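The values are calculated or read from the model by the stated rules, or taken from the named source; none is laboratory data. Quantities reported herein were computed from a predicted structural model and do not represent experimental measurements. Cβ placement follows ideal geometry from the backbone for every residue including glycine, while neighbour counts extend to all protein chains displayed. When the accessible area is computed, the model is the full protein with side chains, heavy atoms only, and any ligands, DNA or RNA have been set aside. Shrake-Rupley method; radii C 1.70, N 1.55, O 1.52, S 1.80 Å.
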Amino acid sequence: VQLQASGGGLVQPGGSLKLSCTASGNIFGSVSMGWYCQAPGKQRELVARITTGGKTTYADSLEGRVTISRGNNKNTITLQMGGLGPDDAGVYYCNLRTIRGDTYWGQGTQVTVSS
């Protein structure tokens with residue numbers, strides 16, 4: 001399984017972010033995909049997740065600022081986040097989980113919030 005992420009980079013305070021992730025390879029049995037963020041010196045934390053059935057889960061602290069969606073082919077997810085602040089900066093990782101319990105990670109994409 002390969003997870004290819006796009007988006008990220010430098011975002012101005014108060015600006016918005018759009019990240020996409022496409023899964024390829026043997027993704028049979030995928031049950032959910034999501035995004036996690038790892039800020040400097042902190043653990044990797046859930047931002048948002050979406051199941052193949054369309055059920056979404058968001059970090060409590062981000063509720064209302066973030067939306068995750070899934071493409072028609074179910075292999076691509078998109079994260080949109082608004083009102084970014086310094087606490088939103090970090091490396092964002094795409095994640096895929098399978099029905100067998102396997103977990104896959106993308107290479108990570110850096111998000112910097114700065115004017």
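If I ask for residues that are among the basic types (K, R) and over 13 Å from the mean Cα position of the chain (by Cα), which ones from the stretch 66-82 would you list? Steps first, please.
Quick first cut of the stretch 66-82, residues among the basic types (K, R) only: 70, 74.
Of everything in the stretch 66-82, just one residue is among the basic types (K, R) and over 13 Å from the mean Cα position of the chain (by Cα), namely K74.
Could we say that G64 is on the phi > 0 side of the Ramachandran plot, open to solvent by 60 Å² or more (accessible area, probe 1.4 Å) and of a type in the set (G, A, S) here? Yes.
Tally time: how many residues in the stretch 83-102 are under 14 Å from the mean Cα position of the chain (by Cα) and surrounded by fewer than 18 Cβ atoms within 10 Å (Cβ to Cβ)? So the count comes out to 2.
Is it the case, given these coordinates, that E45 is open to solvent by 40 Å² or more (accessible area, probe 1.4 Å) and either closer than 12 Å to L19 by Cα or in contact with a strand residue (DSSP E or B) (Cβ under 7 Å, 6 or more places away or on another chain) (or both)?
Details: open to solvent by 40 Å² or more (accessible area, probe 1.4 Å): yes; either closer than 12 Å to L19 by Cα or in contact with a strand residue (DSSP E or B) (Cβ under 7 Å, 6 or more places away or on another chain) (or both): yes.
Judged against the criteria, E45 is a match.
Across the stretch 103-115, the qualifying residues are those that are among the β-branched types (V, I, T) and in contact (Cβ under 8 Å) with a residue 12 or more places away in the chain, and the one among them that is surrounded by the fewest Cβ atoms within 10 Å (Cβ to Cβ) is T112.
Selection of the stretch 14-57 for residues being hydroxyl-bearing (S, T, Y) and under 18 Å from R70 (Cα atoms) yields S20, T22, S24, S30, S32, Y36, T51, T52, T56, T57. Being at pLDDT 95 or above, touching a Ser or Thr at 6+ places or on another chain (Cβ under 8 Å), open to solvent by less than 40 Å² (accessible area, probe 1.4 Å) and farther than 17 Å from T109 by Cα is not true of I77.
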